[in-house]
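The block underneath contains the structure these notes are about, expressed in structure tokens.
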Amino acid sequence: MTALRAAAETAVRQCLGLEAGESCAVVTDDDRVLIGEALYEVASEITDDAVIVRYPPGETHGGEPPAPVAAAMAGADVVLAPTTKSLSHTRART
């Protein structure tokens with residue numbers, strides 16, 4: 001098991017406690033895609049309702065993501081966002 005896989009297992013299974021009946025969106029960018037793919041791999045083993053959305057890195061922390069990314073976030077029970085620029089303080093996150 002790679003270190004990235006082990007960290008993804010911890011994040012998804014232990015920290016988030018993702019369950020089979022929940023939907024999960026992994027939002028990542030071109031610079032963090034390996035992290036996003038590791039998280040998606042674990043999430044998709046738990047739930048059939050997991051998606052990964054990838055877009056170019058944002059310009060600033062707190063910048064709103066493109067509309068399709070925001071829609072994926074809004075439609076999921078759980079959102080994981082390993083991105084170069086933080087999405088924590090965006091309308092899309094709320």
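Nothing in this text is a laboratory measurement; each read-out follows from the coordinates by a stated rule. Because the structure is predicted, anything quoted here is derived from the model rather than measured. Cβ atoms come from the backbone with ideal geometry, glycine included; neighbour counts cover every protein chain shown.
See the values below:
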| read-out | value |
| --- | --- |
| Linear extension gain, Asp31 paired with Ala74, 0.36 nm per residue minus alpha-carbon span | 13.2 nm |
| By average C-beta atoms within 10 angstrom, highest first, the peptides 25-36, 50-61 | 25-36, 50-61 |
| Relative contact order computed over the chain (Cα-Cα under 8 Å; 6+ residues apart), in percent | 33 percent |
| Backbone HN-Hα couplings from phi across the range 39-47 [Karplus 6.51/-1.76/1.60, Hz, Gly and Pro as x] | 5, 4, 4, 5, 4, 6, 7, 8, 10 |
| For a label point 7 Å along the Cα-to-beta-carbon line of Thr84, residues of the range 57-72 with backbone N under 11 Å | 57-60 |
| Of Ala71, Thr90, Tyr55, farthest towards positive along the dipole that unit charges on Lys, Arg, Asp, Glu beta carbons give the chain | Thr90 |
| Per principal axis, descending, Cα span of the chain in whole Å | 33, 27, 18 |
| Estimated [θ] at 222 nm from DSSP helical runs (n ≥ 4, -39500 (n - 2.57)) normalised by residues in the chain, nearest 500 | -9000 deg cm²/dmol |
| Hz values of 3J(HN,Hα) by residue in the range 85-91 - Karplus curve (6.51, -1.76, 1.60), Gly and Pro given as x | 10, 4, 9, 4, 10, 10, 5 |
| 5 angstrom amide H check on Ile52, placed H, neighbours 5+ away | Val26 |
| Total formal charge among the other residues, if their Cβ is under 13 angstrom from that of Thr83, Lys/Arg +1 and Asp/Glu -1 | -1 |
